[in-house]
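No value in this document is a laboratory result; all are computed from the given coordinates. Quick caveat, the model's predicted, so the values are computed rather than measured.
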Amino acid sequence: MAPSTPVIPAGRLAANRQPRLTVDELILRPWRTGDSPRLVEAYRDETIRRWHGRSMSEAGAAAWIAERSRRWTTETGADWAVVRDDDVPIGRIALHRLELARGTGKAAAWVVPEARGGRIAPRALDAITRWFFTEIGLHRIELTHSTANTPPCQVAARAGYAYEGTKRREALHADGWHDMHLHARLDDD
Ligand SMILES: CC(C)(COP(=O)(O)OP(=O)(O)OC[C@H]1O[C@@H](n2cnc3c(N)ncnc32)[C@H](O)[C@@H]1OP(=O)(O)O)[C@@H](O)C(=O)NCCC(=O)NCCS
């Protein structure tokens, strides 16, 4: 149940233009219509399809990108493309299930196969986490992942998200129920 007085007043996110954030050589920027082909290519990766629970057609990519800016304006989520100098997306970092009234959100990420292992997801996650804590006032962000998918555990640890427990049979995938690790970072961690 949301508190009767919202932790963060409605409008605080949407009052801002979605910022460009930088960390080392990485640039986090809003998704653009022109990213559709790259998005389709990213979702050709079986691992991304599996853990993000969907495939991506050309039409689906255009709708997905439109939905990103809708989420920002409705303050229900925030999603950045992670690029380098060449402006080609190599990853995605996002908060979904954003609830300003509670001051909480949930992180999501993927990195294209050829860029994995470069600490892209943990650095991008740390950058958006700091931004949400300092600029918007969230107090808790969670990251959950299937116990059958171990790389996000390293991402969580590197981005300062403490392990809080295992939620048994929390998520239903095509191959059945998965236990989920719960990690979270607080604004004063
Ligand atoms: C999880 C994911 C976002 C990590 O991004 P990343 O930028 O590669 O993160 P890191 O560099 O910190 O690597 C994390 C772990 O990934 C694994 N990894 C490293 N290189 C890898 C590669 N080339 N291919 C697959 N996994 C690799 C390692 O276990 C690594 O931890 P380690 O260095 O301690 O061994 C990325 O693997 C991915 O997109 N996976 C598919 C989608 C997904 O699972 N998303 C998370 C859903 S909650």
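Quick notes on this one:
- Phi to ³J(HN,Hα) by Karplus 6.51 cos²θ - 1.76 cosθ + 1.60 over region 87-96, Hz, x for Gly, Pro: 6, 8, x, 10, x, 9, 10, 8, 10, 10
- Gain upon complete extension [TRP177, HIS52; 0.36 nm per residue less C-alpha separation]: 43.5 nm
- Karplus-derived HN-Hα couplings along region 73-80 (A = 6.51, B = -1.76, C = 1.60, θ = phi - 60°), whole Hz, x at Gly and Pro: 5, 8, 6, 10, x, 8, 9, 10
- Cα gyration tensor category, rounded, prolate or oblate, for the chain with a/c compared to 1.5: rounded
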